[in-house]
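Trainee: Here you go, one structure.
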Amino acid sequence: MLSLVPVMKKQQVLNCSFSAWYPIFKHITIDSHILPLSKEFLAYLDADGIYLPKSPTDAPSDIIDDTEEIDHNKTPSFPDLEASIKESIQSLGGRVFPKLNWSSPRDASWMARGNTLRCSRVNDILLLLKSSDFVSHDLSLPFEHCTDCEDGQENNVKYELILRRWTDISEATEFRVFVKNDDIIGISQRDHTNFFPDLIPLANDINLEIEDFHDRHIAGNFPDHNYVYDIYRQDKRKFLLIDFNPFGEVTDPLLFNWTDLNQLDVTSPESQSWETFRIVRSFEGIQPSQYLSYSIPTDILHLTTGLDANKLADFLRMELQMPDQQESSSSDDEDASPVDEDQPEK
Ligand SMILES: Nc1ncnc2c1ncn2[C@@H]1O[C@H](COP(=O)(O)OP(=O)(O)OP(=O)(O)O)[C@@H](O)[C@H]1O
Ligand SMILES: [Mg+2]
């Protein structure tokens with residue numbers, strides 16, 4: 001029935017922007033800082049090539065200065081932003097997870113040392129942001145699939161860099177929750193590319209715990225009736241809210257599909273056979289990762305095939321600008337407190 005199919009509106013996407021929901025759900029999510037981004041910095045993110053800003057304290061590099069073709073205008077400088085990032089990293093325990101208003105640079109983690117989004121230095125963050133197609137999408141097409149936004153229309157979004165305290169998250173117990181008319185219509189294992197046998201005996205309990213978490217903390221507090229959110233079950237009845245996503249095609253439906261989610265009418269008799277809680281129940285049920293297409297980056301293809309010599313030059317310059325990694329692998333930082341459902345609400 002067509003009338004049941006929700007159409008995605010610009011406001012729904014804006015509601016999922018980090019700074020829109022964070023103040024409402026601060027007490028049940030990971031401690032985070034929001035840093036406003038200037039037009040100059042956005043232009044730098046948008047520009048071709050992987051130039052890292054030249055910090056005033058950088059030692060001059062002979063190799064860079066001796067290279068005749070370097071365009072020094074391309075080497076930007078953002079001392080205020082860099083200082084704010086450093087301060088935030090320090091106050092968030094020394095290691096952070098970066099993202100823009102909606103997306104993290106998950107597709108670019110192959111670029112980072114250690115293949116992780118865990119950042120302890122300004123350049124770690126900038127390199128990830130500059131290399132990510134997901135971040136570019138936030139910048140160029142934030143309202144894709146919205147029925148009230150025309151192609152090419154200027155978006156006027158206030159862009160922000162979000163730095164979140166690094167928190168070790170086990171993908172086995174992360175879930176995506178699909179909400180329509182404020183009711184849960186679907187819960188999917190977040191990482192549908194793996195089979196976690198330990199989840200099977202817990203399935204019923206987890207389903208009920210998530211329903212309870214939804215009723216106590218989410219329903220009625222998010223400024224929309226249709227939305228999707230991700231949560232991490234840290235322990236029995238202890239959840240951390242990770243992120244909100246729009247109810248629509250821009251959000252990966254994981255073990256569901258958008259045709260079904262859009263058309264589901266919970267009041268119809270056919271919906272009785274609808275399976276709300278979905279996990280991978282065997283090795284055969286595993287689905288391919290959406291990130292597979294990012295595992296052989298086109299930039300690297302260009303480098304290896306020599307299709308784009310400028311990219312190789314950018315890459316080498318960037319490496320020259322990176323000081324040695326001194327990152328500690330200890331996990332002694334303080335993680336965010338999970339919501340303990342046995343405790344009274346704050
Ligand atoms: N503070 C953090 N520390 C460590 N890992 C994190 C942190 N925040 C998120 N993650 C991990 O990164 C994943 C992606 O985070 P998030 O949803 O914020 O990014 P996203 O770009 O919106 O992803 P998606 O498009 O898949 O929703 C989470 O599912 C979680 O596993
Ligand atoms: Mg998200």
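Trainee: Starting from the 7 Å offset along Cα-to-Cβ, what nm value, one decimal, do you get for the label separation of T259 and A20?
Mentor: Those two pseudo-labels are separated by 2.9 nm.
Trainee: Can you compute the equivalent ellipsoid semi-axes for region 209-273, i.e. the square root of 5 times each eigenvalue of the Cα gyration tensor, sorted largest first and rounded to whole Å?
Mentor: Values: eigenvalues 99, 46, 34 Å².
With the √(5λ) rule applied to region 209-273, the semi-axes are 22, 15, 13 Å.
Trainee: Residue by residue through region 93-102, which ³J(HN,Hα) values in whole Hz follow from phi under the Karplus form 6.51 cos²θ - 1.76 cosθ + 1.60 (θ = phi - 60°), with glycine and proline marked x?
Mentor: For region 93-102, the Karplus-derived couplings read x, x, 9, 10, 10, x, 7, 9, 3, 10 Hz, x marking Gly and Pro.
Trainee: To continue, here is another question. Place the peptides 29-41, 159-171, 259-271 in order of packing, highest mean first, counting for every residue the other Cβ atoms within 10 Å and averaging per peptide.
Mentor: Packing order, densest peptide first, comes out as 159-171, 29-41, 259-271.
Trainee: Sorted by mean Cβ packing within 10 Å, highest first, what order do the peptides 143-150, 86-93 take?
Mentor: 86-93, 143-150
Trainee: Here is a follow-up. Going by amide H atoms built from the backbone, whose H comes under 5 Å of the H on Q234, apart from near neighbours?
Mentor: So Q234 has HN proximity to F239, L240.
Trainee: Kindly state, as a whole number, the per residue volume in cubic angstrom of the convex hull around the alpha carbon atoms of region 159-296.
Mentor: Convex hull of Cα atoms, per residue: 153 Å³.
Trainee: On to the next question. Quickly work out the E144-to-D252 label distance, labels modelled 7 Å from Cα along the C-beta direction, and quote it in nm with one decimal.
Mentor: The modelled label-to-label distance comes out at 1.5 nm.
Trainee: Looking at region 160-203, what % of the alpha carbon pairs are farther apart than 12 Å?
Mentor: 71 percent
Trainee: On a full-extension model of 0.36 nm per residue, what is the gain between D198 and S271, subtracting their alpha-carbon distance, rounded to one decimal in nm? Could you put the intermediate results ahead of the total?
Mentor: Details: separation 73, 0.36 × 73 = 26.28 nm, distance 2.83 nm.
Here the answer is 23.4 nm.
Trainee: Per the Kirkwood formula on distinct C-alpha pairs, the Rh of region 137-192 is how many angstrom?
Mentor: It is 15.0 Å.
Trainee: Once you list every other residue whose beta carbon is under 10 Å from the beta carbon of Q11, what net charge do they have if Lys and Arg are +1 and Asp and Glu are -1?
Mentor: Details: positive: K9, K10; negative: D148, D224.
Net of charged neighbours comes to 0.
The numbers here are math on the coordinates, done by the rules we state, and not lab data. Here the structure is a predicted model, which is why all the values come from computation and not from measurement. Don't worry about glycine lacking a Cβ; one is built from the backbone with ideal geometry, like all the others, and counts go over all protein chains shown.
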